[in-house]
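Novice: The structure is given below, and queries will be raised subsequently.
The values are calculated or read from the model by the stated rules, or taken from the named source; none is laboratory data. What you see is a predicted model, and the numbers here were worked out from it, not measured in a lab. Counting neighbours? That spans all protein chains shown, and the Cβs are built from the backbone with ideal geometry, glycine included. Surface areas here come from the heavy atoms of the whole protein model, side chains and all, with no ligands, DNA or RNA. Shrake-Rupley method; radii C 1.70, N 1.55, O 1.52, S 1.80 Å.
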Amino acid sequence: MDVLVQLQINALNGTDVRIPCAFTSCYKLDPKQFAMNWTYQETSNSTEEMFMTYKNRITPLKPSRFGERAIFSGNLDKNDLSITILDVQLTDDGIYHCYVRNPPDRIQGHGTIQFNVLTELPPPRDSTIAVAIGASVGGILALLILSMVVVKCIRRHKNQELISDEQKMEEEGKVDGEGGTEEATKNLCLLPEDV
């Protein structure tokens, strides 16, 4: 069995807030055997107080904690065990647990929700600055990479020019050397006696 809940819910003081809880099981829900409990904990060190249960019918408990503000808003036919807290109070802040038992499934399902009551909602985050910084850093990196590529291309081009100039000089040197040896042999052939 798996129990599906939101791990954290932020609620505005004075509003009605739905706390979702759903479950999946290999077995169809049998209302005569099915059991569900909702509990509340002020802190993780506090004891859990059961405030709603299901055994053949939904039964709200602990009128001192929620009065009639905690109502069942789920649908058992759809495996939905959600509740709604009406007119949320600052004292509703805490940890909510959704327990599920669906025999013949041997495992008891359990979901935990951290419920935070706020006096005002936080302003929406403006991501414009983050986008601008990211774009600037990305642009600088792109320019840096581009300049490195250009420098490398220029160096490679200069090296190729130097290599081709050296090859030309070597080829010219070979031609001059060969021509010079022919003239030297001609000069050697002409002896002063022959002149």
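Novice: Per residue, how many Å² of accessible area does the stretch 1-76 show with a 1.4 Å probe?
Specialist: 61
Novice: Check each of the GluC sites (Glu not before Pro) in the stretch 35-81 and keep only those in coil by DSSP with at most 12 other C-beta atoms within 10 angstrom; list them in order.
Specialist: Taking the stretch 35-81 and a limit of 12 other Cβ atoms within 10 Å, the loop GluC sites (Glu not before Pro) found are GLU68.
Novice: Quick one: dipole size for the stretch 1-86, taken about the Cα centre, charges +1 on Lys/Arg Cβ and -1 on Asp/Glu Cβ, in debye to the nearest 20.
Specialist: For this selection, approximately 240 debye.
Novice: Counting only protein heavy atoms and a 1.4 Å probe, tell me what percentage of the stretch 1-104's accessible area is made up of carbon and sulfur.
Specialist: Roughly 49 percent, rounded to a whole number.
Novice: Can I get the semi-axes of the stretch 1-136's equivalent ellipsoid? Compute them from the C-alpha gyration tensor as square roots of 5 times the eigenvalues, in angstrom, largest first.
Specialist: Result for the stretch 1-136: semi-axes of 32, 20, 13 Å.
Novice: Can I ask one more? If you take every residue apart from LEU86 with its C-beta less than 12 Å away from the C-beta of LEU86, what net charge results, scoring Lys and Arg +1 and Asp and Glu -1?
Specialist: Neighbourhood net charge equals -2.
Novice: Select from the stretch 21-80 those trypsin sites (Lys or Arg not before Pro) which occupy a DSSP coil region and have at most 10 other Cβ atoms within 10 Å, ordered by residue number.
Specialist: Taking the stretch 21-80 and a limit of 10 other Cβ atoms within 10 Å, the loop trypsin sites (Lys or Arg not before Pro) found are LYS28, LYS32, ARG57.
Novice: Here is a further query. Calculate, in nm to one decimal, what GLN33 and LEU118 gain on full extension: separation in residues at 0.36 nm each, minus their alpha carbon distance.
Specialist: Contour length minus Cα-Cα distance gives 26.8 nm.
Novice: Compute from the Cα atoms of the stretch 58-107 the Rg and the Dmax, the latter being the longest Cα-Cα distance, and quote both in angstrom.
Specialist: 13.0, 39
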